[in-house]
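Colleague: Structure below; questions to follow.
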Amino acid sequence: MALLELPAQHKQDKKRKQRKQEKNSPEDALTGTPAKRFSRHLILCLVGLAMLYPLLWLISSSFKPSNDIFRQLGLWPENWDFSNYEQGWTALNQPFHVYLINSLIVVVFSIVGNIFSCALAAYAFARMEFTGRKLFFALMLGTLMLPGHVLLVPQYIIFSQLGWLDTYLPLIVPNFMATNAFFIFLMVQFMKALPQELDDAAQIDGCGPFRTFLRVILPLCVPAMATTAIFTFISTWNEFFGPLLYIQNQDLYTVPLALRAFMDSEGQSMWGPMFAMSVVSIAPIIGFFIAGQKYLINGIATTGLK
Amino acid sequence: MSVLTKQAPGAAAALATAGGGKPRRGSSRRTNQRSGYLFLLPWFLGMLFTIIPFFASLYLAFTDYNLFTEPNFVGLANFQAMFEDPRLLQSLKVTFVYTFVSVPISLAVALLIALVLNRGLQGLAIYRSVYYLPSLLGGSVAIVMLWRYIFGNDGIVNGFLGIFGIQGPAWVTDPEFALSTLIVLNVWTFGSPMVIFLAGLRQVPSMYYEAASIDGASRWRQFRSITLPLISPIIFFNLIMQLIGSFQTFTQGYVMSGGTGGPADSTLFYNLYLYQKGFTEFEMGYASAMAWLLLMIIAIFTAINFIASKFWVFYDN
């Protein structure tokens with residue numbers, strides 16, 4: 001009997017597994033004839049290769065001598081040349097790590113500001129009751145749709161009158177004022193899913209609202225905060241328009257400005273070094289992407305954030 | 001704009017994977033007025049920083065402000081001047097062509113790939129990541145510069161065409177082709193709408209398809225009658241977000257043309273021209289008027305979308 005039951009149990013398990021798979025991916029999971037499946041993979045691989053080719057070409061070009069770059073379509077350098085990185089690093093006023101550090105300063109403060117101010121606002125919207133909450137929430141969602149250029153001129157005037165031009169303050173301070181509605185929305189969505197009993201228990205234990213927020217809710221929001229941090233990192237690291245507007249002093253340039261300056265001054269003759277610095281500038285994004293894929297993809301699926 | 005604020009987040013919320021629960025009301029919610037406002041304090045400051053510039057910008061749109069002397073009220077003069085400004089009309093044309101070509105193509109590609117990926121293929125995570133990565137990089141200066149060289153005269157695109165004996169055009173320096181390279185760049189970043197489509201497709205209950213295949217409905221029929229209506233709110237959401245993003249393109253045009261919008265103004269995006277007017281010619285009043293025209297254009301397109309959506313967007317509840 002036992003022998004007979006065992007396979008049956010296995011079969012049941014298998015069936016259950018299959019059903020689970022079907023649930024995970026609607027329509028028919030992993031079905032189709034092998035030929036069909038193969039052709040699907042082939043198409044996806046070809047499209048994927050076309051997607052990655054420009055990036056791979058950039059990386060490979062950064063290791064080729066400048067003269068070879070446009071003569072070879074192939075990705076594998078015939079003559080490896082590491083001097084591109086050395087040359088590119090020192091081609092501008094300052095060595096390239098100065099610009100990396102500049103960008104890092106802006107990025108770190110932006111992340112801290114965004115997480116803290118947006119989490120505070122989200123907690124109020126998601127878990128507190130007060131007059132005007134709904135109205136404020138609607139207003140917050142309204143700013144989500146407002147094109148930034150409408151505010152541009154007056155904000156520039158304010159910053160220049162505060163004497164903030166040629167400092168990082170115009171790039172950092174707005175992040176401490178929860179001006180990025182996307183992240184508030186993301187955290188509101190996340191906090192609403194946490195059980196209300198947590199707040200009640202904390203209250204009974206004598207926690208005030210701020211302690212409840214800091215000790216109970218915030219630690220549970222780590223995934224939402226990670227998403228915010230990664231997205232803030234990527235968008236701030238890439239940001240070109242703000243620094244272009246507010247930073248004139250070359251020593252204060254962030255990475256995108258430095259790259260553009262590079263193109264203006266040397267780009268025509270020094271392909272190799274320029275591509276090398278391009279690789280340096282996007283490497284952190286790719287690194288963060290690999291480390292935080294799960295959060296990124298869930299984050300974008302939640303809010304439609306770019 | 002008010003319609004927008006009500007509906008689009010609804011569409012986003014439908015996608016929510018992190019959310020789920022409805023807000024709980026009643027006794028258990030904290031009802032402490034003062035601490036609610038205290039938590040919102042940074043946000044209130046931020047709103048001051050949004051609302052004051054919002055109205056200031058509206059006022060400046062009717063002045064000739066140049067940053068150095070007091071603004072004079074000039075009525076509708078800025079708006080009148082806009083319609084006689086050939087560069088402004090050109091920048092509108094560039095932005096519209098860019099938007100109306102690249103947004104539909106990238107949404108179609110995103111949906112198509114999402115449908116294929118949703119078939120439960122092995123290696124889904126890898127494909128998804130590979131397709132998504134470009135959309136994180138698309139706006140960076142490095143990639144736009146790279147694009148400039150890929151499509152350059154001796155770039156790899158023409159090198160590739162040369163294999164087949166085709167003499168490719170001077171993509172970057174020919175006014176007829178310069179914008180199309182940026183359209184290709186924008187389509188290349190289809191990954192972010194694709195991820196949203198994938199999340200939406202996951203939420204279509206599989207029993208609908210089971211029932212349909214029992215009834216003998218073909219694949220195409222199932223797609224048209226089940227998938228399409230059920231993900232229409234997501235298509236709509238993606239459409240709105242891509243439109244708004246595309247109308248605001250700046251970096252691509254700036255870097256590609258070295259700040260000029262050339263050749264022959266063929267990559268003079270609206271926001272690039274706004275930047276030139278405001279921050280190289282210091283016509284802040286004119287730039288503000290331009291910003292308001294853009295706001296109105298976006299609002300009109302969004303409104304049209306919302307009205308049209310009544311006929312094709314299907315809400316389950």
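Colleague: Which net charge results when you count Lys and Arg as +1 and Asp and Glu as -1 among the other residues whose beta-carbon is under 15 Å from that of B:Glu176?
Modeller: Value of the local net charge: -1.
Colleague: Taking square-rooted eigenvalues a ≥ b ≥ c of the alpha carbon gyration tensor, is the protein assembly as shown rounded, prolate or oblate, where a/c under 1.5 means rounded and, failing that, a/b exceeding b/c means prolate?
Modeller: oblate
Colleague: Based on alpha-carbon positions alone, could you give the equivalent ellipsoid semi-axes of the range B:108-257 from the gyration tensor, as √(5λ), descending, whole Å?
Modeller: Taking √(5λ) for each Cα gyration eigenvalue gives 36, 18, 14 Å.
Colleague: If you don't mind, there's one more thing I want to ask. Give the Kirkwood hydrodynamic radius (Å, one decimal) of the range B:221-317, defined as one over the mean of 1/r across all pairs of different Cα atoms.
Modeller: 15.7
Colleague: For the range B:110-153, just the Cα atoms, rotate onto the principal axes and tell me the three extents in Å, largest first.
Modeller: Reported extents, whole Å, longest axis first: 41, 18, 16.
Colleague: Roughly how far apart, in whole Å, are the Cα centres of the range B:67-117 and the range A:122-168?
Modeller: Here the answer is 24 Å between Cα centres.
Colleague: Divide, for the range A:59-148, the radius of gyration over alpha carbons by 2.2 N^0.38 Å, where N is the residue count.
Modeller: Rg over 2.2 N^0.38 Å, computed on Cα atoms: 1.99.
Colleague: Give me D for the range A:137-278 in µm² s⁻¹, whole number, from Stokes-Einstein with Rh from the Kirkwood sum over alpha-carbon pairs, 10 °C and 1.306 mPa s.
Modeller: 86
Colleague: Here's a follow-up. Which of B:Met256, B:Met194, B:Met207 ends up with the largest GNM mean-square fluctuation for chain B, with Cα atoms connected below 10 Å?
Modeller: B:Met207
Colleague: With +1 on each Lys and Arg Cβ and -1 on each Asp and Glu Cβ, how big is the dipole of chain A about its Cα centre, in debye rounded to the nearest 20?
Modeller: Once rounded to the nearest 20, the dipole reads 1440 debye.
Colleague: Helix-derived [θ] at 222 nm for the protein assembly as shown: sum -39500 (n - 2.57) over DSSP H runs of at least 4, divide by residue count, nearest 500?
Modeller: Calculated at 222 nm, the ellipticity per residue is -21500 deg cm²/dmol.
Colleague: Rounded to the nearest 0.05, what FRET efficiency is calculated for B:Glu210 and B:Ile300 with R0 set to 41 Å and r the Cβ-Cβ distance?
Modeller: After rounding, the FRET efficiency stands at 0.45.
Colleague: Quote the convex hull volume per residue of the range A:171-232, based on C-alpha atoms, as a whole number of Å³.
Modeller: 85
Colleague: Would you mind computing, in nm to one decimal, how far apart the modelled labels at A:Ala291 and A:Ile101 are, each placed 7 Å from Cα along Cα→Cβ?
Modeller: Each label point lies 7 Å from its Cα, and together they span 2.0 nm.
Colleague: Which shape class, rounded, prolate or oblate, goes with chain A when its Cα gyration tensor gives a ≥ b ≥ c as root eigenvalues, a/c under 1.5 marks rounded, and past that a/b bigger than b/c marks prolate?
Modeller: oblate
Colleague: Between the range B:225-241 and the range B:145-212, how far is it from one alpha carbon centroid to the other, in angstrom?
Modeller: Taking the Cα centre of each part, the range B:225-241 and the range B:145-212 sit 22 Å apart.
Colleague: Ignore the peptide's own chain and count Cβ atoms of other chains within 10 Å of each Cβ in B:246-257; give me the average, rounded.
Modeller: Mean partner shielding for this stretch: 2.
Colleague: While we're looking at this one, here's another question. Between B:Gly253, B:Gly123, B:Gly285, find the one with the highest GNM mean-square fluctuation for chain B; connect C-alpha pairs within less than 10 Å.
Modeller: It is B:Gly123.
Colleague: Farthest toward the dipole's positive end in the protein assembly as shown, which of B:Val116, A:Phe63, A:Leu49, given Cβ charges of +1 (Lys, Arg) and -1 (Asp, Glu) about the Cα centre?
Modeller: Of the listed residues, the answer is B:Val116.
Colleague: Hey, got the average number of other protein chain Cβ atoms within 10 angstrom for residues in A:239-249?
Modeller: That works out to 3 on average.
Colleague: Once you charge only the Cβ atoms, +1 for Lys and Arg and -1 for Asp and Glu, what is the size of the charge dipole of the protein assembly as shown about its Cα centre, to the nearest 20 debye?
Modeller: 2940
Colleague: Another question about this same structure. If a/c stays under 1.5 just call it rounded; otherwise compare a/b with b/c (prolate if a/b is bigger, oblate if not). Do that for the range B:177-222, with a ≥ b ≥ c from the square roots of the Cα gyration tensor eigenvalues.
Modeller: In terms of gyration-tensor shape, oblate.
Colleague: Same structure, new question: If you wrap a convex hull around the alpha carbons of chain B, what volume per residue comes out, as a whole number of Å³?
Modeller: With only Cα atoms used, chain B gives 204 Å³ per residue.
Colleague: May I pose another question? Pick from A:Ala283, A:Ala193, A:Ala261 the residue whose mean-square fluctuation is largest in a GNM of chain A, springs joining Cα atoms under 10 Å.
Modeller: A:Ala193
Readers should treat all values here as calculations from the given coordinates under stated rules, not as data from a laboratory. Given the structure is predicted, the values throughout are model-derived calculations rather than measurements. Using ideal geometry, Cβ is built from the backbone for each residue, glycine included, and neighbour counts are taken over all protein chains shown.
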